[in-house]
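Read through the structure below, which is laid out as structure tokens, and then see the notes.
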Amino acid sequence: MTDDSRGEEPQQTIPETADAASAPAEVSEPAAPVYAPVAAAPVQPAADGAVPQAKKGLGTGAIIGIIGGGLFVLIVLVVAIVIAISAVRGVAGGGTPFAGGGSAEETAEGFLTAIADADAETALSFVYETESSSPLLTDEVLAASQKLAPLTDIVIGEPDVTAGYGRVPVTYSIGDTSVTTEISVSQISDEWKITGGTGQLAVHQLDGLEPTINGVPVSGEYVDAFPGAYEYGVTVDGFALEGDTIVVVTAPSEYPDTSGMSAVLSPEAADAFRQAVSTAIDACIASTTLDAGCGLAIPATLTDGTQLTEGTITRSISAETRATIAALVPEVSYDVPTLVSGGYLGSVEVTAQCTKDGSTGTCSVLFGPSLGTPSMNFATDGAVIEWD
């Protein structure tokens, strides 16, 4: 200390040996709480008298890093376990499940279950690029199908999936029909989709008859339909269907045989056709002209040179031919279902005034024409009997 004539308190001084540059900077606020150090054990000198250096403790950052690293390893391990479990489930279930849907077999099962529940919208959601505007892909049609022959006993087998494509073996029943088939599936984006999820029913053979399937009007060549039972009908007056009118689409992508059914005239329409044929024949028989119609036209000069006199022709039919006309069975054309025709009806006896070698008299025409084949198109307004 030094004397201070002013009588002030002595000031603290910095030791002369200290480096002024190393003086601590003024800190206004600590960045983090300061914790008291834990007392360390005394350091024992080594045998050679050297004092070992004290090991520094891990800092807060190091401790956090160790904890974080351990957590990362744990997360990676959990993810690996989840992936392994998913892979095992995917192999057993027909492929890796995708975010947008289940496995291949879950897709097949969901599709068939929706059909059995008459839920067309859900069934369509499992199918890739189906013509959903088909009039048969509706709840109404599926409900009718389930009433005719319900889809039951669904069993899904082990799928065979490779590179995003595969087949799922399934069995089920449609009414009394047992079905064993495969459903084709494909990976579309993040989903499994059924390819070819609908069959097709032919309707072209009923063109013009305003056909229906399960009570719904249909048209065109073919219409898409889910697996199930379908009943055909027609709505044009005078026509009906007979034969195998209920057709079963047993599996997706199937084209069932519809040749077991045929269009026929109703009993009332068949009677009307027979009456029209009989009336036309009566008019033809009554005619005295060479070209009387009904397929009965004869030439003015016969093959032996005999000349027939126009207006003197007389025709008649036997009782047997009359009976054939009365029992006529109309046939509906396959190509034009509204066109109805009859079969062979019989021959006609013909006489006429004739001239041969300068002589004139009454001649009987031998081997004259028989009645033609009658037909009538019921789709034509004012339709009349035509003859071939």
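The values are calculated or read from the model by the stated rules, or taken from the named source; none is laboratory data. Remember, it's a predicted structure, so these values are computed and weren't measured experimentally. All Cβ positions, even for glycine, are placed from backbone atoms using ideal geometry, and neighbour counts span all protein chains on display. What goes into the accessible areas is simple: the full protein's heavy atoms, side chains included, and nothing from ligands, DNA or RNA. Shrake-Rupley method; radii C 1.70, N 1.55, O 1.52, S 1.80 Å.
Worth pointing out:
- Selection of the range 339-388 for residues being within 30 Å of E268 (Cβ to Cβ), among the charged types (D, E, K, R) and in a strand (DSSP E or B) yields only E386.
- Of all positions in the range 348-370, none carries a residue that is closer than 21 Å to A240 by Cβ and touching a helix residue (DSSP H, G or I) at 6+ places or on another chain (Cβ under 8 Å).
- The criterion of being at pLDDT below 95 and not small (G, A, S) holds for E221.
Every residue, every condition in (1) within 30 Å of Q205 (Cβ to Cβ); (2) at pLDDT below 95; (3) out of contact with any Gly (no Cβ under 8 Å at 6 or more places or on another chain), yes or no:
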| site | (1), (2), (3) |
| --- | --- |
| L290 | no, no, yes |
| L308 | no, no, yes |
| I313 | no, no, yes |
| V332 | yes, yes, yes |
| G343 | yes, yes, yes |
| K356 | no, yes, no |
| D381 | yes, yes, yes |
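- For the range 331-342, the tally of residues that are within 13 Å of T373 (Cβ to Cβ) and open to solvent by less than 30 Å² (accessible area, probe 1.4 Å) stands at 2.
- Within the range 254-281, the set of residues being closer than 21 Å to T177 by Cβ and surrounded by fewer than 16 Cβ atoms within 10 Å (Cβ to Cβ) comprises Y255, D257, S259, G260.
- Scanning the range 228-235 for any residue that is crowded, with 16+ Cβ neighbours inside 10 Å, within 30 Å of Y334 (Cα to Cα) and touching a Lys or Arg at 6+ places or on another chain (Cβ under 9 Å) turns up at least one such residue.
- Residue within the range 254-277 that is in a strand (DSSP E or B) and in contact with a Ser or Thr (Cβ under 7 Å, 6 or more places away or on another chain) present: yes
- Summed over the range 161-170, residues that are exposed (fewer than 15 other Cβ atoms within 10 Å of the Cβ) and not polar (S, T, N, Q) total 3.
- Restricting the range 298-338 to residues that are in contact (Cβ under 8 Å) with a residue 24 or more places away in the chain and assigned to a strand (DSSP E or B), the residue that is nearest to the chain's Cα centre (by Cα): V332
- Within the range 131-148, considering residues that are touching a helix residue (DSSP H, G or I) at 6+ places or on another chain (Cβ under 6 Å), modelled with pLDDT of 95 or more and over 19 Å from T250 (Cβ atoms), the one most open to solvent (accessible area, probe 1.4 Å): D139
- Count of the range 236-253 residues which are assigned to a strand (DSSP E or B), at pLDDT 95 or above and open to solvent by 50 Å² or more (accessible area, probe 1.4 Å): 2
- Qualifying position, being touching a residue at least 60 places away in the same chain (Cβ under 8 Å), under 19 Å from the mean Cα position of the chain (by Cα) and assigned to a loop (DSSP other than H, G, I, E, B), among G197, G208: G197
- Among residues of the range 149-159 being crowded, with 17+ Cβ neighbours inside 10 Å and touching a residue at least 60 places away in the same chain (Cβ under 8 Å), the one that is farthest from the chain's Cα centre (by Cα) is P159.
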